[in-house]
Amino acid sequence: MSSLGYQAILYGFAALPGVIAERVFLAEDGLQALDAGFAPAAADLLAFSVSGENDYEGLLRTLALAGLPLRARDRGAGHPLVLAGGFAPTLNPEPIAPFVDAVAVGEGEELLEPLVAAVRAGRGAGRAPLLERLAAVPGVYVPALYEPAYAPDGTLAAFTPAPGAPARVARAAVRDLDAWPCRSRTVAPGSEFEGLGIVEVNRGCGRGCRFCAAGHVVRPLRHRSLAALRATIDESAPLAPRVGLLGAAVADHPGLLTLARELAAAGRGFSLSSLRLDRAEPELLALLAAGGTRTATFAPETGTERLRRVLNKRITDAQVLEAAGRAAAAGLRQLKLYFMLGLPTETPEDRAAIADLVRRVRHRLLEDRREKTDLVRIAVTLGCFVPKAWTPFQWHPHAGVRELKEGIHAVVRELKKVPNVDVTHDLPKWSYVQALLSLGDRRAADLLERAHRAGGDWARAARESALNPDFFVLRGRRRDELLPWDFIDVGLSKSALWAQYRSALGDEEPGARGEAGG
Ligand code: SF4
């Protein structure tokens, strides 16, 4: 309900002349229509907002609940056109390719008008001409117009576009963010961010951590102007008392401190979607605490500086300790720390260092506290690393469920010995599924459909399918391998990503320094 992604698209569609846009949610007990509540199967266009791969099964469930055939080839002229957009299908749409008619690749705002124009123009003309029209919209991928072929070893041998379809589909990106204000339009009681009007501050990130798809694909980093942000924040005032400033690099916005001072002076509480360890300035932290924020969230990612260098995350342990101390001194009462397991080159020593770093953070907080009641709680989250398309680790295998389970158990065991620390962690089996849907090609759709028909039972789907999911998840890829997502043009050079990968593994290629350009 709180997601800005679907809200931007919903209201963008609704603003177009002659378009009625309504939302439908997939709830525990079926589809839940809001607004006027017309049936999804009666729409001209059914657009899915899909941010993560673990939502793919929900896409299939929604199609089934709407009474639509799952596979695009089984839908006819009387059915709505099915479109998927969002971050996961932008990186690699192939695992859902057979289920959708089109994929909006990249940022959707500027695609809406040409998409609606293509649907209108193609109405009544039959499915094939409509798909051809859609494929002509830059940033729109039409899977039915591409034919994959496979080599005897199972790898992708060719990916051939039909005549007229582009060989590569360029990711759409908004140039001038100020032209597209992005804020919560619905703030609903009982939803994730109840009472918080979210405003997007910037888009993208310039830092290039090697595991992070957002840091590579959502480029360039674009900041909204202070004038535009002030206007959007004013507009959101009647909706919610507090403001949530959102962006992958919100702390890198050059006007953030100015904005924070203004919000504090106006008596409006606010929070940030994330806080960089190296941007945790005392004044900003104090303004956050005064604005009602209780928790500081930092992502050291790993327990050792060595492994952070592998990730291109240039943060020292000293910076982690300093930021934690500053957050506590500013009056924030909880510290959330994010770590990942299953990373390339990770050793048992790296894993053991996570608990050591948390212990050192705790000691630092104890040293600084003035009274017993000042004790800050530490909440540690252990995530499982999933290699993502369009990052330097796209060639790297997933660590596997057993190794991740053992690693998590070992770290949790140690963390349980540290007082005042709460631990949560990802489930390795879901990170395996996420890796399958991140790295799989079109054949992975068979597993996805079987899992859907088995009520979400992926183990059964794997048993019943002729396809071995380990092929996609646990196999390192060759440098020259044609990757299922190579036809997407996100503006990155594959050779620069490969050089980054080799450099991360300590196997630097001559003349290959620097980030993957684009
Ligand atoms: S992990 Fe954070 S800092 Fe690193 S590239 Fe991604 S968004 Fe940027």
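The values are calculated or read from the model by the stated rules, or taken from the named source; none is laboratory data. Nothing here was measured: the structure is a model prediction, and the numbers come from that model. In this analysis, Cβ positions are derived from the backbone assuming ideal geometry, glycine residues included, and neighbour counts consider all displayed protein chains. Heads up: the accessible areas ignore ligands, DNA and RNA and are worked out on the full protein's heavy atoms, side chains in. Shrake-Rupley method; radii C 1.70, N 1.55, O 1.52, S 1.80 Å.
Computed quantities for the displayed model
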item	result
Compactness of region 362-430 as Cα Rg over 2.2 N^0.38 Å, two decimals	1.51
Sites matching trypsin sites (Lys or Arg not before Pro) across region 105-134 that sit in DSSP coil, with at most 14 neighbouring C-beta atoms within 10 Å	Arg123
Relative contact order computed over the chain (Cα-Cα under 8 Å; 6+ residues apart), in percent	13
Region 1-86 shape via C-alpha gyration tensor axes, a/c threshold 1.5	rounded
Nearest-0.05 FRET efficiency for Arg477 and Asp457, computed from C-beta distance (R0 30 Å)	0.60
Two-site FRET efficiency, Arg185 against Asp507, from Cβ-Cβ distance with R₀ of 41 Å, rounded to 0.05	0.25
Separation of the Glu464 and Asp234 label points, Cα + 7 Å toward Cβ, nm	5.8
Sequence-distant residues sharing a close amide H with Phe48 (under 5 Å, placed H)	Leu83, Ala84, Gly85
Amide hydrogen neighbours beyond the local backbone of Cys384, cut-off 5 Å, H modeled	Leu341, Asp426
Inter-part distance where region 412-483 and region 295-312 are each reduced to a Cα centre, Å	24
Isotropically averaged projected area of region 245-310, using the convex hull of Cα atoms (one quarter of hull area), nm²	4.9
Extension reserve of the Thr316-Asp74 stretch, reckoned as 0.36 nm per residue once the Cα distance is removed	81.7 nm
FRET efficiency, Lys429 to Ala496 (Cβ-Cβ, R0 30 Å, nearest 0.05)	0.35
Cα pair distances exceeding 42 angstrom across the chain, given as percent	19
Alpha-carbon spread of region 33-187, three principal axes, descending order, Å	53, 38, 34
Difference of contour (0.36 nm per residue) and Cα-Cα distance, Asp368 to Ala64	103.8 nm
Linear extension gain, Glu403 paired with Gln334, 0.36 nm per residue minus alpha-carbon span	21.8 nm
Residue-wise HN-Hα coupling along region 162-176, computed from phi with Karplus coefficients 6.51, -1.76, 1.60 (Hz; x: Gly, Pro)	5, x, x, 7, x, 5, 10, 9, 7, 5, 7, 9, 6, 7, 10
Taking N as its residue count, the alpha carbon Rg of region 328-455 over 2.2 N^0.38 Å	1.32
Kirkwood-type radius of region 221-345, with distances r between different C-alpha atoms, in Å	15.5
Evaluated over region 147-270, the Cα radius of gyration and Dmax, each in Å	20.2, 67
In Å², nearest 10: area of Arg306 left accessible to a 1.4 Å probe	90
Packing rank of 183-192, 284-293, where each peptide gets the mean count of other beta carbons within 10 Å, highest leading	284-293, 183-192
Reference-scaled alpha-carbon Rg (2.2 N^0.38 Å with N residues) for region 391-497	1.31
Model label zone, Asp35; criterion: amide N under 20 Å from point 7 Å along Cα-to-beta-carbon; scope region 89-111	101-104, 108-111
Exceeding the 28 Å Cα-Cα cut-off - candidates Lys336/Lys405; Lys405/Lys494; Lys313/Lys336	Lys405/Lys494
